[in-house]
Amino acid sequence: MPYQNPHDSTLFKKMSIPNEIHLRRDKVVPAIQRLKTYISDAKNAGMKEIRIIHGRAGSGDMRRAVHDLLSTHTHIEKFYSAPPAEGGPGATIAVLTISPHA
């Protein structure tokens, strides 16, 4: 076993974190809390990009809340609506900041 504690391995962390999070059908406040945790976990795993599935139906409150968080989050370099093949207006792609020690 190459690691005494596999949780110390960046590769293990990266493989343990999905590249997207689904927030559809969630209430906005708990969904944003989950998203904050997910962004932190993805950053710690060394991921470069994540996809947030917020849905395109309804009032748009979830999408606005997601974009508000991403626009001020220190781990997010930029974000944009997903291309049609990756969810279109129902998903957002976020690019994570690069760590200075990476």
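The values are calculated or read from the model by the stated rules, or taken from the named source; none is laboratory data. Note that the structure is predicted; figures quoted are calculated from it, not measured. Because the Cβ atoms are built from the backbone with ideal geometry, glycine has one as well, and the counts that use them run over all protein chains shown.
Just a few scattered comments:
- Top-ranked residue of region 76-102 - restricted to ones that are buried (at least 17 other Cβ atoms within 10 Å of the Cβ) and not small (Gly, Ala, Ser), ranked as nearest to residue 26 (Cα to Cα): 92
- Considering region 61-75, and only residues there that are exposed (fewer than 13 other Cβ atoms within 10 Å of the Cβ) and not β-branched (Val, Ile, Thr), the residue that is farthest from residue 17 (Cα to Cα) turns out to be 61.
Rundown of residues vs (1) under 14 Å from residue 17 (Cβ atoms); (2) in a strand (DSSP E or B), yes/no style:
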{"site": "31", "(1), (2)": "no, no"}
{"site": "35", "(1), (2)": "yes, no"}
{"site": "46", "(1), (2)": "yes, no"}
{"site": "51", "(1), (2)": "yes, yes"}
{"site": "80", "(1), (2)": "no, yes"}
{"site": "85", "(1), (2)": "no, no"}
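- On the stretch given as region 36-60, residues that are more than 13 Å from residue 94 (Cβ to Cβ) and at pLDDT 95 or above total 1.
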